[in-house]
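The values are calculated or read from the model by the stated rules, or taken from the named source; none is laboratory data. Computed from a predicted model, the values in this text were never measured in an experiment. Quick reminder, even Gly has a Cβ in these numbers, built from the backbone with ideal geometry, and neighbours come from all protein chains shown. Surface areas here come from the heavy atoms of the whole protein model, side chains and all, with no ligands, DNA or RNA. Shrake-Rupley method; radii C 1.70, N 1.55, O 1.52, S 1.80 Å.
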Amino acid sequence: CHTGAGASLGVLVGLMGKDACHTFGRTVPTEDDVNGLLAEGKKVFGFAIDQIDLVAPVMARAIAARG
């Protein structure tokens with residue numbers, strides 16, 4: 001989904017539950033933001049597709065650091 005909060009994320013909310021999901025929408029998170037959400041048990045993230053080049057590296061670094 002282009003917005004990071006539409007049908008694509010909705011399917012995962014249905015499968016995984018609302019508590020496991022978070023959408024950044026149009027916000028670009030920091031690594032601290034992602035770390036906090038991972039610590040809360042979030043496993044599914046939605047973000048705007050046109051920001052993938054900004055959001056994906058931040059998420060990848062945060063996930064890798066948990067290693």
* Find all pairs meeting these conditions: Cβ atoms under 7 angstrom apart; at least six residues apart or on different chains; first residue within region 21-33 and farther than 8 Å from Gly46 by Cβ; second residue assigned to a loop (DSSP other than H, G, I, E, B). => Arg26/Ala48
* Please identify the pairs in which a residue from region 50-67 that is over 14 Å from Thr30 (Cβ atoms) has its Cβ atom under 8 Å from the Cβ atom of a residue that is open to solvent by 40 Å² or more (accessible area, probe 1.4 Å) and in a helix (DSSP H, G or I), counting only partners at least 6 apart or on another chain. => Arg66/Asn35
* **The listed residue being at pLDDT 95 or above and surrounded by 15 or more Cβ atoms within 10 Å (Cβ to Cβ), out of Ala5, Ala48, Ala62, Ala56** => Ala62
